[in-house]
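Scroll down for the structure; my scribbles are underneath it.
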Amino acid sequence: MAIEFAARIRRIPVYPVAAGYDLGDDVAMLASNESPFGPLPAVIEAAQRAVPGVNRYPDPSYSALRRALSDRYGVPPERIALGNGSCDILLAAGEALLEPGAEIVYAWPSFSVYPHLAAASGARAIEVPLDAFERHDLDAIAAEVTVATRLVLVCNPNNPTSTVLPLEEIEAFLERIPRHVCVILDEAYCEFALSLGDSYASLGLLGRWPNLVLLRTFSKVYGLAGLRVGYALCGDESFREAVDQVRQPFHVSAVAQAAAVEALRHQDAVEDRVTRTIANRLALEEGIRGLGLWHADSDANFLWVRLPAGEDGAQAHFEAEEAAVARGLAERGVLVRAGVSLGRAGALRVTVGTEQENARFVAALAELL
């Protein structure tokens, strides 16, 4: 007789993890939006210094990292939530805010974790299509907010489409959202979005909207994806208290905390990496356009590339073409993400890698097309 699991297990979609980690070292890893640049030597040293003390539990208050983030962004430590990656905070927000009868609203396609929140809680998910330019349609999202809405998610820049909305539009959107509704502005890639100004640009919104949460991560620009550290800058302390209440204690390891604290001390190096990433992105965009392909306007460290449509434009053709291209790229040692696994067939999401990795991708894609 089989084990009987909760009904929600059948509702929760399987997260579309990238494949290919067992292919060896000669692979261009362009599937997971990681940084191609490893941690700075000082960050590695800080992590190593923390290792001898791992017989003890990590600081459950995360005081050193909260203070470091507070010093950087001017947000009080008690309004900073930490997590085992930003996904941890998202899932905790779903558990703290959602329940049967409640609603969550977000654009689609967007970050693959968002559907988990409604599925796990029994809430109703309302997915609002992106506009013709692969951007959030904030008017359409606002129109879906009702008295049952508990949570609205806005991914800016959006994953997987790489597009960004100006903060003026975000501000006008917040004006239309009731104060009882939590709005999470998911800014995992904000450091790459030069059109937003800088990573401080959205902080001013927190003072006006206590229902706003800015969600960020050390996984991308800081190159610490393998250590899993995310954080949320909150308009009100109640969000941090709620998400901490529903999670296990010690959700950020001592080694990860030490590395993140040290990483914050090297902003000049981080900005240099952003500059190099954007230069590589521009070259990658040029290569993709040279193949006659369209890509969304990117403000992130990845691109959203549409594949050629078949004569009939059928969904089945899109999926077959996309699968063949992704498989062919993998056979040539280049890993990207197929759009169908991210919410829309007929596209690829490709991370900006090193100059050599990007050239390898363009050459392989040219062969396949």
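If I ask for residues that are in a helix (DSSP H, G or I) and within 19 Å of Leu206 (Cβ to Cβ), which ones from the stretch 81-91 would you list? Even if it seems obvious, please write down each step before you answer.
In the first step, residues of the stretch 81-91 are kept if they are in a helix (DSSP H, G or I); the result is 86-91.
Scanning the stretch 81-91 gives Ser86, Ile89, Leu90.
Being farther than 18 Å from Phe111 by Cα and either modelled with pLDDT under 95 or among the charged types (D, E, K, R) (or both), is that true of even one residue in the stretch 212-234? Within the stretch 212-234, not a single residue is farther than 18 Å from Phe111 by Cα and either modelled with pLDDT under 95 or among the charged types (D, E, K, R) (or both).
Quick grid of which residues meet (1) without any contact (Cβ under 8 Å) to a residue 60 or more places away in the chain; (2) crowded, with 23+ Cβ neighbours inside 10 Å:
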{"site": "Ala225", "(1), (2)": "no, no"}
{"site": "Glu241", "(1), (2)": "yes, no"}
{"site": "Gln245", "(1), (2)": "no, no"}
{"site": "Val252", "(1), (2)": "no, yes"}
{"site": "Val255", "(1), (2)": "no, no"}
{"site": "Ala258", "(1), (2)": "no, yes"}
{"site": "Glu271", "(1), (2)": "yes, no"}
{"site": "Ala283", "(1), (2)": "no, no"}
{"site": "Gly290", "(1), (2)": "no, no"}
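Val128 fulfils the conditions (1) closer than 19 Å to Trp304 by Cα; (2) touching an Asp or Glu at 6+ places or on another chain (Cβ under 7 Å); (3) not in a strand (DSSP E or B) except for a single criterion, (3). Regarding the stretch 328-337, can at least one residue be identified that is out of contact with any Phe, Trp or Tyr (no Cβ under 7 Å at 6 or more places or on another chain), exposed (fewer than 14 other Cβ atoms within 10 Å of the Cβ), over 30 Å from Gln48 (Cβ atoms) and at pLDDT below 95? There is at least one residue in the stretch 328-337 that is out of contact with any Phe, Trp or Tyr (no Cβ under 7 Å at 6 or more places or on another chain), exposed (fewer than 14 other Cβ atoms within 10 Å of the Cβ), over 30 Å from Gln48 (Cβ atoms) and at pLDDT below 95.
To keep it simple, each residue is scored yes or no on (1) part of a helix (DSSP H, G or I); (2) of a type in the set (Asp, Glu).
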{"site": "Ser219", "(1), (2)": "no, no"}
{"site": "Leu227", "(1), (2)": "no, no"}
{"site": "Arg240", "(1), (2)": "yes, no"}
{"site": "Asp244", "(1), (2)": "yes, yes"}
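Taken as a whole, the condition of being in the same structural domain as Asp59 (by TED's automatic domain parsing), surrounded by 22 or more Cβ atoms within 10 Å (Cβ to Cβ) and at pLDDT 95 or above applies to Ala118.
In this structure, is Ala363 outside any helix (DSSP H, G or I), of a type in the set (A, V, I, L, M), without any contact (Cβ under 8 Å) to a residue 40 or more places away in the chain and assigned by TED's automatic domain parsing to the domain that holds Asn33?
So Ala363 does not fit the description; no.
Are any of the residues in the stretch 316-326 farther than 29 Å from Val113 by Cα and not assigned by TED's automatic domain parsing to the domain that holds Pro109? No, the stretch 316-326 contains no residue that is farther than 29 Å from Val113 by Cα and not assigned by TED's automatic domain parsing to the domain that holds Pro109.
For the structure I just gave you, tell me whether Val229 is among the β-branched types (Val, Ile, Thr), in contact with a Pro (Cβ under 8 Å, 6 or more places away or on another chain) and farther than 20 Å from Val152 by Cβ. Taking the combined requirement at face value, the residue does not satisfy it. For the stretch 273-285, the condition holds for at least one residue, the condition being that it is over 20 Å from the mean Cα position of the chain (by Cα), at pLDDT 95 or above, assigned to a helix (DSSP H, G or I) and among the acidic types (Asp, Glu). Glu78 - would you say it is in contact (Cβ under 8 Å) with a residue 60 or more places away in the chain, acidic (Asp, Glu) and either in contact with a helix residue (DSSP H, G or I) (Cβ under 6 Å, 6 or more places away or on another chain) or outside any helix (DSSP H, G or I) (or both)? When the stated conditions are applied, Glu78 passes them. When the test is whether a residue is surrounded by fewer than 21 Cβ atoms within 10 Å (Cβ to Cβ), in contact with a strand residue (DSSP E or B) (Cβ under 8 Å, 6 or more places away or on another chain) and farther than 22 Å from Val75 by Cβ, Glu321 does not pass it.
Of all residues in the stretch 330-360, those being in contact with a helix residue (DSSP H, G or I) (Cβ under 7 Å, 6 or more places away or on another chain), part of a helix (DSSP H, G or I) and under 18 Å from Arg289 (Cβ atoms) number 2. When Ala279 is tested against (1) touching a residue at least 24 places away in the same chain (Cβ under 8 Å); (2) within 15 Å of Pro36 (Cβ to Cβ), just one condition goes unmet, and that condition is (1).
Determine, yes or no, whether Glu191 is at pLDDT 95 or above, of a type in the set (D, E, K, R), crowded, with 20+ Cβ neighbours inside 10 Å and not in a helix (DSSP H, G or I). Judged against the criteria, Glu191 is not a match. Say whether the condition of being in the same structural domain as Arg208 (by TED's automatic domain parsing) and either of a type in the set (Asp, Glu) or surrounded by fewer than 16 Cβ atoms within 10 Å (Cβ to Cβ) (or both) is met by at least one residue in the stretch 158-168. Yes - at least one qualifying residue is present in the stretch 158-168.
Scanning the stretch 203-240 for residues that are of a type in the set (S, T, N, Q) and under 16 Å from Pro76 (Cβ atoms) yields one hit, Ser238. Within the stretch 229-238, the set of residues being in a loop (DSSP other than H, G, I, E, B) and either small (Gly, Ala, Ser) or over 29 Å from Ala300 (Cβ atoms) (or both) comprises Gly235 only.
The values are calculated or read from the model by the stated rules, or taken from the named source; none is laboratory data. Remember, predicted model here, so these are calculated numbers, not experimental data. All Cβ positions, glycine included, derive from the backbone under ideal geometry; neighbour counts span all protein chains shown.
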